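In what follows, a structure is listed as structure tokens, so that the remarks can point back to it.
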């Protein structure tokens with residue numbers, strides 16, 4: 001078996017991590033990916049604490065393999081979320097959107113492995129200093145909330161790899177085995193895959209959103225709302241409203257007012273493709289069908305191996 | 001020898017193409033790269049026709065290997081440029097920034113190999129229809145003038161590969177052997193490298209600009225001026241002026257007035273780091289020293305091979 005820093009650290013067969021996406025990554029998706037040899041993550045960002053507890057418990061019933069929870073550190077109920085994670089003995093926590101020094105030692109003392117998501121060299125170093133076990137470096141092409149630096153996966157991974165000593169997971173633009181191989185060539189020990197797993201029956205995303213992901217083309221997404229929190233959106237009528245506000249020279253307050261509350265749930269969970277906020281990566285343009293999570297994992301590995309076999313050295 | 005569609009087409013040893021960058025890529029750089037086994041390109045975009053002729057003639061004296069000329073098709077003196085290229089028997093022409101159907105057949109009838117640069121699936125298909133021999137697909141992270149779609153190399157290469165039958169060259173974010181390997185894993189047959197070759201003694205760029213490239217960090221560049229022609233700039237006082245205009249809600253005319261004429265020459269050739277326009281890729285953050293072009297080519301191949309050797313299959 002091909003072992004590396006990530007498979008050893010997380011106790012998984014393949015270094016494929018399913019991103020803990022809001023309104024997509026519940027226990028069904030997480031357990032399916034973990035059962036297939038990757039690492040499934042429950043996305044707590046869209047869950048009330050007691051809903052998260054339910055997902056963790058169901059995930060434990062559905063798989064005997066390691067799984068994790070993704071936690072946005074700016075979450076208002078963060079104390080309650082962390083209490084539940086520790087009470088339920090979740091073995092792995094991915095933290096994002098916040099200061100890693102706040103929770104890392106607390107989680108590690110309780111026996112958790114901690115991985116932190118960054119989009120810059122600066123925050124990779126801060127996370128390493130905070131004592132995390134591994135880092136996810138996420139490029140500009142990634143879906144959802146995203147870094148302000150606009151550094152792409154191709155340029156970010158070597159930069160982060162150079163300055164950290166802990167294992168590195170690449171995210172952004174990785175929707176296939178060849179892209180996983182590319183990330184490993186750049187220096188990653190594993191990959192985090194989001195958009196591709198949205199297009200699975202196990203994702204809790206609304207079927208209409210899944211279909212929109214499959215239909216996405218090269219120019220279907222844009223990173224926008226940089227004045228609030230940058231986010232990569234699928235272009236739909238809500239996105240057009242955002243663009244129209246920008247064209248009028250709108251203030252941050254006006255943008256914030258338009259966004260309002262519940263837009264992401266409306267779009268990705270309730271399937272309102274008109275008024276909802278639809279977060280997805282550029283790689284959606286490569287996604288052509290809805291496949292079970294286990295098949296996605298197997299296809300990654302098969303095409304990774306096939307691509308590697310074909311690459312030749314130069315002399 | 002590892003042969004593929006690009007090395008066979010262009011008659012070169014390694015599928016490494018040095019980009020034909022304005023104010024950087026004269027006969028010295030092009031011949032040095034060609035002599036090292038890659039393909040050197042003279043960048044005609046910053047040359048008057050008779051200057052281009054001189055560079056072509058000197059390049060022919062300096063190398064017996066294939067080399068090419070990069071031609072922006074929107075160039076005002078385009079007819080004269082093409083006449084010189086054909087009169088001087090330049091074997092390879094890379095076209096960019098314009099409609100490939102205008103010149104491709106004319107060049108091919110004269111025996112030239114023609115490669116066209118695109119940043120989208122749509123224009124890759126148009127170029128293929130126009131009969132070009134190969135395509136360069138350039139990602140968002142690339143320096144200089146750049147596509148409007150903001151598609152990164154990681155996501156663009158597989159999308160273009162899927163729809164074209166001719167050889168494919170990846171550009172954007174490729175400054176090392178591991179990145180070249182990543183591009184090949186994504187489906188490219190070769191790579192075009194710009195920024196890395198700016199940091200060579202053979203580049204005609206001003207030494208002050210070369211030093212600025214070496215000092216660049218992760219957040220040192222930004223793609224801007226999208227209302228004119230999008231361009232990735234190194235952040236300097238001129239860039240700050242552009243940002244200030246945007247903050248005031250400036251019109252396209254005001255932006256155009258600020259840019260004026262000769263900003264690129266002033267910055268990259270004359271070394272005015274205050275008032276000049278400095279075009280460079282995100283990958284500048286990875287560039288740490290000025291090395292002879294032949295050493296850059298050799299380092300690419302050595303680290304490509306070393307990285308490939310270390311990658312293992314999964315079972």
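Bear in mind these aren't lab numbers, they're just calculated from the coordinates by the rules spelled out. What you are looking at is a predicted structure, and each value in this text was computed from that prediction instead of being measured. So basically every Cβ, Gly included, is an ideal-geometry build from the backbone, and we count neighbours across all protein chains shown.
Couple of notes before you dig in:
- Averaging 1/r over each pair of different alpha-carbon atoms in segment B:1-128 and inverting the result gives 14.5 Å, the Kirkwood hydrodynamic radius.
- Within segment A:91-248, DSSP assigns beta bridges of which about 30% are antiparallel (rounded to the nearest 5).
- Cα centroid of segment A:165-213 to Cα centroid of segment B:184-211, whole Å: 30
- Near-label residues of segment A:8-28 by backbone N, under 15 Å of a point 7 Å along Cα→Cβ of residue A:294: A:28
- Normalised alpha carbon radius of gyration of chain A [divisor 2.2 N^0.38 Å]: 0.94
- Partner chain coverage, peptide A:158-164 - average Cβ within 10 angstrom: 3
- Placing dummy labels 7 Å off each Cα toward the beta-carbon, the span from residue B:89 to residue A:306 is 4.5 nm.
- Label-point separation in nm, residue B:215 to residue B:125, each point 7 Å along Cα→Cβ: 4.7
- FRET efficiency for residue A:243 and residue B:61, using Cβ-Cβ distance with R0 set to 45 Å, rounded to 0.05: 0.25
- Kirkwood Rh, Cα atoms: Rg over Rh of segment B:207-283: 0.95
- Taking all pairs of distinct alpha-carbon atoms in segment B:7-50, Kirkwood radius in angstrom: 10.6
- Proxy reagent accessibility, fewest Cβ within 10 Å first, across B:14, A:48: A:48, B:14
- Sites residue A:50 and residue B:270, calculated FRET efficiency, Cβ-Cβ separation with R0 60 Å, nearest 0.05: 0.35
- Size descriptors for segment A:95-235: radius of gyration and Dmax over Cα atoms are 15.6, 45 Å.
- For the peptide B:283-291, the mean number of other protein chain Cβ atoms found within 10 angstrom of a residue's Cβ is 2.
- Its alpha carbons considered, the protein assembly as shown gives a radius of gyration followed by a Dmax of 24.4, 78 Å.
- Listed residues A:68, A:262, A:173, most fluctuating in chain A (Gaussian network, C-alpha, under 10 Å): A:262
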